[in-house]
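Reviewing the structure listed below.
The values are calculated or read from the model by the stated rules, or taken from the named source; none is laboratory data. Not measured: the values here are computed from a predicted model. In this analysis, Cβ positions are derived from the backbone assuming ideal geometry, glycine residues included, and neighbour counts consider all displayed protein chains.
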């Protein structure tokens, strides 16, 4: 096993983002959001998100987008829940910890938590998407309740 280093270059940011999305897109709880709903094109998405993290972690000012709007659009379609964000954070932290260590790696995890909390707070004031099988009361009962709700959720088109 190679020694981990801190995040220090754009290449590190891209490596982190690619590793995270590889994991997230295959995840049984949230992968369908990226694959089936967002239909995420990694070749187009990775440079944008790497710029976001390069700006946050390295101060490069290469990101010029608005990160909330795409999440609001997804929420309007599927109703993003606290458990979705908890799972996203769990996968992000695991990926960061596997690849990097140091102050910027810690910042990547703490900033992800701040972003998740801010986005979730804003999304909870918006109408949720239709077509989900998650009871809003169960999913809104906090991180544990939300996570349990999505563990039992089978997205449309994935029923056996």
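Only one entry of 7, 49 meets the criterion of being crowded, with 19+ Cβ neighbours inside 10 Å and touching a strand residue (DSSP E or B) at 6+ places or on another chain (Cβ under 6 Å), and that entry is 7. Of all residues in segment 10-28, those satisfying the criterion of being under 12 Å from the mean Cα position of the chain (by Cα), in contact (Cβ under 8 Å) with a residue 40 or more places away in the chain and crowded, with 19+ Cβ neighbours inside 10 Å are 20, 24. Restricted to helices (runs of 4 or more DSSP H) entirely inside segment 52-160, those with at least 2 residues that are modelled with pLDDT of 90 or more and touching a helix residue (DSSP H, G or I) at 6+ places or on another chain (Cβ under 6 Å) are 82-99, 103-123.
Contact map, segment 29-42: first residue closer than 15 Å to residue 80 by Cβ, second residue not in a helix (DSSP H, G or I), Cβ cut-off under 6 Å, separation 6 or more or different chains; pairs are 32/155; 34/40. Out of all the residues in segment 20-27, is one or more part of a helix (DSSP H, G or I) and closer than 14 Å to residue 100 by Cα? Yes: one or more hits.
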